[in-house]
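Input: a single structure, listed below in structure tokens.
The values are calculated or read from the model by the stated rules, or taken from the named source; none is laboratory data. The structure displayed is predicted, hence computed values, not measured ones. No Cβ is skipped: glycine too gets one built from the backbone with ideal geometry, and neighbour counts run over all protein chains shown. Please note that ligands, DNA and RNA were not included when accessible areas were found on the heavy atoms of the full protein model with its side chains. Shrake-Rupley method; radii C 1.70, N 1.55, O 1.52, S 1.80 Å.
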Amino acid sequence: MAMVAEGVGTLQIHRISQPKYIDALRWLSPLSAFERFAVLALHDSDSDVSSIEIQALNRSNPSNLHLQSSWASPARISTLRVSQIPQKPLVAASTYMGSLHFLFTDPVDASLESELSLAEKSFHAGPISGIDLQGTGSECVSVGEDGRVNLVTIGDSKLNYRRVFDSHGLVSYTAAKWASPAEFATGGLGFSLQYWDQRKPGGAVSQFKGNWGRGNMSEIVHSIDIHPSRKHILLAGGSSGTVFAWDLRWQKQPVLLSGIVPGETVVSPSESEVWEVQFDCYMQSATIGNISSGQILPVMMCSEDGILAVIKQGEQPMEILAEPCAINSFDIDKQNPSDLLCSLEWESIVILSRQ
Amino acid sequence: MPGRMSDPSDSLVPFSPDVRDPVVYSLHHDLKAPISRLSISWSKGNCLRVSFFGKKSSNSSAEGSGNSNDQIGGKVVEVKLSSEDGEIDEAQKRRIAYGSVSPFALLQSRKNSMSLLSKMSMGSSTYHVEWWEHVMEYSKDINLLLGSPKPLPSPVIEDPKTVLKAMEKPTCLKAAWELMEIFYADKQSQAWLPESLVDWLADYDNLLSETGTTVYSKLVDLQKELVTLQAVEDNPKYWEGISSALAVGWLEIVVKLLRLHGSYQLDQLGNRETENGLVEAVAVLISKMPRIRTELAVGRLGECYKTKPDFVKAWEKWRGQITKLECSAFWVQCDHRQTREGLKNVLQIMLGNTNSLNTVTSHWIELYISHFLYVRPFTMGLESMYSLAQKCMQLKPTSSTHRLMGLLLGILGENTEVVLAECSRSFGPWMVAHAVELLTAGSKQAEILLHEERYNLGGISIEELHRLVYAQILSSHALTWQIAPIYLTSCTKQGMGLLEILLYKQPIQHNHLLLKSLEICRLYELDSISSNIMKIAGIHHWKHGKKGSGIFWLQQAQDEVRLNRIAQQLFDFVGKSISDESFKQWEGLIELLGSEARTVGGLEFLHKYRDFKKSLQQVQDGHITDAARQAVESLILLMKNPSTPQRFWLPLLHDSRTGPGIEAEKRGSLVKLLNWSEHPLLNISQTNLLLNKLQELSMAKLHPDFIEADLPPHALNSVRLALATNLGRAFLEE
């Protein structure tokens, strides 16, 4: 019960309209203690121009954003990642055109310092659907609908990439996430998950196919997360309100956390596409001890039907926001996990602070 | 649009037959003349896409030589047609569109449940009382979207001489909405319409300043001078400002201005005592002006009276006090001429002297409002309000009618069509689609007019027409199309048809957008459309080499016909190119197909083939007997299955022996299976089945349509030989 009470605490909500569509957003936490930054991938529908903007947030008045730096992207941005090392703030963005861009920013004021791009035709054919930066920010995995899995090594002045796998379009990937310096996971159509180990080339080391037999409902994984302390558990969110965890140690039985599945008695906060999932590290220190290693840590998800909620295994989901339009992405501030950032379909962002 | 092209004379759609001056855009296409062809089409939003095709060069060998400009065969230019309304930019318009979705949807759902209730023969009187409250709530929600007057950042120390607060300029759209709200939605203000208009003008008089002088613009000028003036009362503009502000009922400003009068200054108080007494007496009288209204906001002056008798009593008394002051002997003792005259004029305004009112007001609506305040506070009913407006307009004619005034006259004239036309002409489709709710709530007559199905509109009502028009505008933009369904589904006649068209038009290349369309299908239970969209997506992905995605979407759509077609193509692919290395790539696809008995069409074959391959692989890896047995099982299943195409039989039987790889003997082969050292793996009936299939195949070879497998010529014989040997061994075994 204590956990529920914590969650019900007050919530500060700031809505900020952007005159542009937000394709993706992330927190950027620099060394500075006074300022925080939000990285927004924007698309201006009137001029058809895409850009990445770094906006500074005032800690005392979060609704007061001011533009810190901006970078024009050659195409619409499909995924945005930020390295979590404050000394080396690095923004990675993939585009629908198949190019990958790395922006190096100043650790204090988040101004743009340099940019490296990878836009070769042989890299990806068509849109890149998922990327993830490794913890140290030295490697980036990228996957696409073309069925390619690439690893990009980020040097100081140049990028190198190598192909890990190419299914020649027979399999499309939609999401990617690092588990350890050598292992990463990908997700795709049909609620499929793949676990890869760089040390074992030639293909995925484990595969999972979600099979909840629900007729003609789409089944696509949109987002994967892996908690750094439990790299054997893959968390995935996708179509029809589905959020599930796949434990590599018990491969046959995924844990369904949310979703409409005949015969399952899981309460689902949403019935439509779950666009993003992340482990919710807020208030965890107090309760983490109570969660056995077999149990799934609290999960936050956002959905097409406008729900932002926290799901805890075996408990009623806790709704944080219910919007009249889709919540397309969100991010939890890793340094300050009470703070959230969401992007709404209706050209606005929401800054939330849980207290 | 639905409906036939109608004669403009009997058209209900606001449509002006007289064409305005055409707008000429000049486009630069950098093409050499002559242009052979020109194509014009709509792009997204208000963009027009113009494609120019140059004349095909007769000298085709010129390629590669000459400058590159010569080779441009055509050019596409996008022309952005700007909307007429400059006061609200596109992003702000979208914000209003987004924000109005929830209030609109809420009102519609309430309307639906209300009509359900009334069908169940509930008391209709309670229905009406509650209904206008819902409409009012809707109106307030929409009004909020149109912006709230924000004070501009003001200096920390307020200048005592600031009479006009600097405000952000409101929009005409908001002013128009509030007019509609006052007259149609707010049933409580019906008894106090004149006072509501007084408040309305106080908020929006500055909008009228665009076209001419107004009280507001006079006060702005005065404000600028006030800062520099020493003795304000010597300046006639000061008195003009006071009189004008008083005429339109801005009592706070008047009192504030009066108290800037020089006689209030401490060093002058001694010798201007009488003068100051007069100024103060007028200020007090003004601040005690009786108003026939329920309440006044904090800081507003005047005394409210809710009922007419109370008001009349107070009004007579107040006027009595004014007359008394006017006849007072103190005026003679007042030496300051400007003050004396100015104050006397103020009193004349308060007594409702029409000449004075006429001189101090500028715009006809200001004169109109001053009549409500000081001449005819009991004006009731739209008819008398309308005739008063006519009179005021005659007294103060304007060269052009401001769009707000056009709307107001339409409302006062009680002509729903005119109101609708004014809304549409001046404020656009958003306004009409949303204001119709207020109009229908306004009167039964308007409701009938707007809900009546009309032949000349193709059988739809005016309400539906305007919703459809607005939905079309939403549909034309990539960011707003998702809210169009809310409006379309509220249109009973044509809405669903247009929604289907809208959904089919959406791009399907990216899963994100595709899923957003499918979500709308799910919400409105449009299963057949959703499966059609998935089919389109499936074919798109398949064509673009994303075989996995293609199959996935076709499976979702349960499109057996196409899946079977695809299966045929896949077989060719499998037969030709699957080496053991490339089979790894197929794994994922086969995984996707799933093992469940879902529609997979002929693709089921691939699944079994994979099992067979896997077992063979294991035989080679050394997991001998069990794997070999499994391989045989799979093979028999494959051969028995009707979905396995005939042309695959021989490659299957022969498969691994001389497959695409070269090191045949390394692999487990059928021949190896057949020659299994320990005991025969195939029993008699299984062997017979395979032999029969071979026989069938030999017969089929004679058929002209037969497709020869890409195998060495002796393949058939070597398989037959192996089978025959096995048959012999099996006989011995049994």
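Roll a 1.4 angstrom probe over the protein heavy atoms and tell me the percent of accessible area of segment B:511-567 that is carbon or sulfur.
On the way: 1110 of 2270 Å².
Taking all protein chains in place, segment B:511-567 shows 49 percent carbon and sulfur surface.
To the nearest 0.05, how large is the calculated FRET efficiency for residue B:702 and residue B:629 if R₀ is 51 Å and r is the Cβ-Cβ distance? If you can, show how the numbers build up before the last one.
On the way: r = 36 Å, r/R0 = 0.70.
Using R0 = 51 Å, I get an efficiency of 0.90.
A probe of 1.4 angstrom, applied to the heavy atoms of all protein chains, finds residue B:49 with accessible area near 90 square angstrom. Here segment B:378-526 is assigned +1 on the Cβ of each Lys and Arg and -1 on the Cβ of each Asp and Glu. Its dipole about the Cα centre then comes out at about 440 debye. Pairs over the 28 Å Cα-Cα cut-off, from the set B:93/B:391; A:209/B:505; A:20/B:169: B:93/B:391; A:209/B:505.
Pairs of Lys residues in segment B:201-316, spaced 8 or more positions apart or belonging to different chains, with C-alpha separations under 23 angstrom: 9 in total. For segment B:492-529, a decrease in accessible area of 40 Å² or greater in the assembled protein chains relative to the isolated chain, with a 1.4 Å probe, applies to B:510, B:511, B:512, B:515, B:516, B:519, B:522.
Expressed as a whole percentage, what fraction of the accessible surface of segment B:418-490 belongs to carbon and sulfur atoms when a 1.4 Å probe is rolled over the protein heavy atoms? Mind showing how you got there, number by number?
Working: 1290 of 2310 Å².
Reported share for carbon and sulfur atoms: 56 percent.
Comparing the full protein assembly with the isolated chain, the residues of segment A:18-53 losing at least 50 square angstrom of accessible surface (1.4 Å probe) are A:45, A:46. Taken over the alpha carbons of segment A:291-350 as equal point scatterers, the Debye sum produces base-10 log I(q)/I(0) values at 0.13, 0.15 Å⁻¹ of -0.37, -0.48.
Given +1 at the Cβ of Lys and Arg, -1 at the Cβ of Asp and Glu and no other charges, the dipole of segment A:219-355 around its Cα centre is 800 debye to the nearest 20.
Rounded to two decimals, what ratio of Rg to Rh does chain A give with C-alpha atoms and a Kirkwood Rh?
Working: Rg = 19.2 Å, Rh = 20.4 Å.
Using only Cα positions, Rg/Rh for chain A is 0.94.
Grab the alpha carbons of segment B:431-535, take their convex hull, and tell me the volume per residue in Å³. It would help to have the intermediate numbers written out before the result.
Working: hull volume 10.6 nm³, N = 105.
Normalising the Cα hull of segment B:431-535 by residue number yields 101 Å³.
Would you please put A:125-133, A:228-236, B:240-248 in order of how densely packed they are, using the mean number of other Cβ atoms within 10 angstrom per residue and starting with the highest? Working shown, then result.
Working: A:125-133: 23.4, A:228-236: 19.1, B:240-248: 26.3.
Top to bottom by mean Cβ count within 10 Å: B:240-248, A:125-133, A:228-236.
Sort B:340, A:81 from largest to smallest accessible area, using a 1.4 Å probe on the heavy atoms of the protein chains.
Values: B:340 75, A:81 45 Å².
In descending accessible area the options line up as B:340, A:81.
Compare the Cα positions of B:260, B:271, B:302 along the charge dipole of segment B:214-309 (+1 at Cβ of Lys, Arg; -1 at Cβ of Asp, Glu; about the Cα centre) and return the one farthest towards the positive end. Farthest towards the positive end: B:302. On segment A:217-285, 54 percent of the accessible area sits on carbon and sulfur atoms, based on a 1.4 Å probe.
Charges only on Cβ, +1 for Lys and Arg, -1 for Asp and Glu: so what's the dipole of segment B:280-380 about the Cα centre, in debye to the nearest 20?
Working: 14 positive and 9 negative charges, 58 e Å.
For this selection, approximately 280 debye.
Placing a pseudo-label 7 Å from each Cα along the Cα-to-Cβ vector at residue B:721 and residue A:158 gives an inter-label distance of 5.7 nm. Give the B-A buried accessible area in Å², both sides summed, 1.4 Å probe, nearest 100. Interface area, both chains combined: 3900 Å², rounded to the nearest 100. At a threshold of 50 Å², the residues of segment A:134-173 that become less accessible to a 1.4 Å probe in the full protein assembly than in their chain on its own are A:145, A:170. Looking at segment B:242-299, the pairs of alpha carbons with a distance over 17 Å make up 44% of the total.
Straight-distance candidates among the lysines for linking to residue B:119, with alpha-carbon spacing under 30 Å and chain neighbours fewer than 8 residues away dropped: B:111, B:140, B:187, B:444, B:493.
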